[in-house]
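Here is the structure we will look at.
Readers should treat all values here as calculations from the given coordinates under stated rules, not as data from a laboratory. Because the structure is predicted, anything quoted here is derived from the model rather than measured. Here Cβ is always computed from backbone atoms with ideal geometry, including for glycine, and neighbour counts include all displayed protein chains.
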Amino acid sequence: MLAASKGLAMLLGLPHLARLVALASVVTTSSGCFILPGYGDPEDSPPPVEGAIVQTGPRADWSLTVGGGPDKYVALADGATVEKVHGFQGGYHVWTSLLVEGDLPKYVGLELEVASATAVISRSSTVASGAHGPEGTTFANLYAYVDAGTTGPVVIRVTLYEMDGAKRWAKAEKSVVLR
């Protein structure tokens, strides 16, 4: 499957995606989620280094707003109560979306992190292409993974970054309460 994905990425002219696929060995967490190396069990991965992956270039002039909603951007107030969703593979997630104002490349890297006051609960990374509309570019159907027992206040952090070229990046976060 990884070889086919790498070949497709090369056919589409996305060498950065092909490199990512070639390096990826899919790992299954206890919650049934698939993640890339470096984003898994803290015992199997080194601790994250702030900015090591995405903050290699200049800060972009993009304006990011974190929202909710499974299939479109829905604005969320800071401190809003959101529901955990029990996914069909047995894990849990919070529907997350993103509204971006600014000139984006066609494909961007997107890193999504959920953290409590004391620890990072999950971190995932993907290649994404948003839907352009009158209010900006939206990214929907994003999964912010959480554990079954995670409740209370958490912060959802999103980092968007260019994978090629200037390597521009921008961050946003939203404080929510999980129910």
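Fewest to most neighbouring Cβ within 10 Å: what's the order for Glu173, Glu111?
Taking fewest neighbouring Cβ atoms as first place, the list is Glu173, Glu111.
Please list, by residue number, every one of the chymotrypsin sites (Phe, Trp or Tyr not before Pro) in the range 57-156 that is coil in DSSP and has at most 11 other beta-carbon atoms within 10 Å.
Phe88
For the range 93-172, with only Lys/Arg (+1) and Asp/Glu (-1) charged at the beta-carbon, what is the dipole magnitude about the Cα centre, in debye rounded to 20? Intermediate results must be reported in sequence, preceding the final value.
Working: 6 positive and 8 negative charges, 27 e Å.
It comes to approximately 140 debye.
Where Rh denotes the Kirkwood radius from the mean inverse Cα pair distance, what is Rg over Rh for the range 120-179?
1.01
Can you compute the FRET efficiency between Thr81 and Glu101 using 1/(1 + (r/R0)^6), with r the Cβ-Cβ distance and R0 = 35 Å? Round to the nearest 0.05.
Details: r = 26 Å, r/R0 = 0.76.
Once rounded, the FRET efficiency stands at 0.85.
Please arrange Ile156, Ile121 by counting, for each residue, the other beta carbons lying within 10 Å of its beta carbon, fewest first.
So the ranking, lowest neighbour count to highest, is Ile121, Ile156.
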